[in-house]
Amino acid sequence: MGYSTAVPVPLPVSFDHVIDVRRLRVELDATKAALARKGVPGAEVNRAATLDVEQRRLAREAEDLRGRVKVLSKQVGDAMREGEPAKAEALREESRLLGNELATVEREGSKTERQLRDALLRLPNLPAPDAPDGTSEADNVVVRTVGYDPARYGPHQRVPHWDIGTDLHILDMERGAKISGSMFSLFTGEGATLARALCQLALDRNSDAFTEVRPPSLVRTPAMEAVGQLPKFADDAYHLERDDLWAIPTGEVPLTFMRANEILTAEELPMRLMAYTPCFRRESGAAGRDTRGLLRVHEFDKVELVAICTRTDAPALHQELLERATGAIAALGLPYRVVDISTGDLGQSHARQFDIEVYAPGCDMWLEASSVSWFSDYQARRAAIRYRPRTGGQTQVCDTLNGSALAVPRVWAALVETYRQADGSVEIPDCLQPYFRGLTSITGSVGRVG
């Protein structure tokens, strides 16, 4: 597939579990029109449809040849029993030639099947009809802005977090780079406590309805394929080639794949899961301001929420995840805005997505702090996650959703800039103080390492 030099791990689900291939057979024009909203050329969809037709033709031809070989085998036996060895030999030769032809057709069928599977894996999910149209992030729509007033900030809050972190000895990007390279952060003292406190706050706020999981941070290739990270985003991920394991870019990957190849009962749905995990991404960005401090880092902590549900329950769950994510930002007292992501900026797996951005006064930037996404049946189909309806009948493919309950780096940055005081200290929001061992402000006096 081009993204691994290690021995590939077979995908443990059936070939059809990519996008619903039936769309290419009965709704080709509608599928092309929908994917065009994401910028997918019609030629890519046509190629997948053509490969599907060819793969099915070869499968029928192979089945026909197997049937003819079976008939000849019986005829050979009949000829031998009737004492006609010459006839039996002629039938054997005909069977041998058909066997060679069958082997050729099977090879072509396997090759076409692999090509079709790869083509389908690369096709993105269809956008939701109500997702705003666009060609790039410039077409994203700001739905609402809460708590933002540029006049409220004093000069002491217009200091970027990387300078605050250095002054208070709570963020050390230089030592992070010494350990792991550029764009790796090192929190110390109250800075490390703040990072941990943010994650614990997110877990505690969602423990009323979500089951906490601590999944592995390394996953197999099928897990990355199932959620849509592979093959498209292979270059953005960290890959351990020796073991063919991938460092997770988000907790969404293991939380979704943990129920792969399973048939859930209707009583289990909606399934709500949450996890704190480290996340790893090969972030890229323009040199300079875009990569200062915590704006773009290769490793960060995050609490992720995942829901597995029926199509009927998906809209309400999408709204619930959005409210939970904005609720955490509001509890921290940070201004934020909700952005409806246009089709030109939607991810590979996404049908609909809202981003939550926090305002960082020191950077004077809106920073993406959370994404809340509905994937329709795209991920569940690839992972073969189904459920059995209460009314019986055939199993149905689930829908999946996810949302960042809280991602540390940019919230950390916005918080220390917003809550910086005139004396250089940082006030700790009330909701975080229970995790700070009695502290009410960050002064840089705790656990200083240099």
Checklist outcome for this item: Placing each pseudo-label 7 Å from Cα in the direction of the beta carbon, Val71 and Glu267 end up separated by a distance in nanometres of 5.3
Checklist entry - When a footprinting reagent is the concern and you count Cβ atoms within 10 Å, what order do Thr193, Thr265, Thr145 take, fewest first? => result Thr265, Thr145, Thr193
Checklist entry - Of Ala275, Ala237, Ala331, which has the largest mean-square fluctuation in a 10 Å C-alpha GNM of the chain? => result Ala331
Checklist entry - What's the angle, to the nearest 10 degrees (0 to 90), between helix 314-331's Cα axis and the longest principal axis of the chain? => result 20
Checklist entry - Using 7 Å Cα-to-Cβ label points, what is the Arg196/Asp208 separation (nm, one decimal)? => result 2.7
Item to check | segment 248-333 - percent relative contact order, Cα under 8 Å, separation 6 or more | outcome: 34
Checklist entry - How long is the gain from Lys178 to Leu28 if the chain were fully straight, where each residue apart is worth 0.36 nm and the alpha carbon distance is subtracted? => result 48.7 nm
Item to check | Average projection area in nm² (convex hull over Cα atoms of segment 329-377, one quarter of hull surface) | outcome: 4.1
Checklist outcome for this item: Correct response: the longest run of the chain lacking exposed GluC sites (Glu not before Pro), defined by DSSP loop and at most 15 other Cβ within 10 Å, is 284-450
Item to check | Virtual spin-label span in nm between Val146 and Glu427, 7 Å along Cα→Cβ | outcome: 2.0
Item to check | the chain: calculated mean residue ellipticity at 222 nm from DSSP helix runs of at least 4, using -39500 (n - 2.57) | outcome: -12500 deg cm²/dmol
Checklist entry - How long is the gain from Thr50 to Ala330 if the chain were fully straight, where each residue apart is worth 0.36 nm and the alpha carbon distance is subtracted? => result 95.8 nm
Checklist entry - In what order do Trp374, Trp366 fall by count of nearby beta-carbon atoms within 10 Å, going from fewest to most? => result Trp366, Trp374
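Please compute the length gained on full extension between Arg311 and Asp133, using 0.36 nm multiplied by the number of residues separating them and subtracting their Cα-Cα distance.
61.8 nm
How high is the relative contact order of the chain? Use alpha-carbon pairs under 8 Å, at least six apart in sequence, and give a whole percent.
Averaging sequence separation for qualifying contacts and normalising by length gives 21 percent for the chain.
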Next on the checklist: Given a 10 angstrom Cα cut-off, can you work out which residue in Tyr378, Tyr336, Tyr238 is the most mobile in a GNM of the chain?
Outcome noted: Tyr238
Checklist outcome for this item: Helix 190-206: inclination vs the chain longest Cα principal axis, degrees, rounded to 10, gives 60
Item to check | Residue order, fewest to most surrounding Cβ atoms within 10 angstrom, among Asp149, Asp163 | outcome: Asp149, Asp163
Checklist outcome for this item: Among trypsin sites (Lys or Arg not before Pro) in segment 400-450, those in a DSSP loop whose Cβ has at most 15 other Cβ atoms within 10 Å are Arg437, Arg448
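Here, each number is a calculation from the coordinates, and none is a lab measurement. The shown structure was predicted, so the numbers you read here are calculated from the model rather than taken from an experiment. A quick note on method: Cβ atoms are made from the backbone with ideal geometry, for glycine too, and the neighbour counts reach across all protein chains shown.
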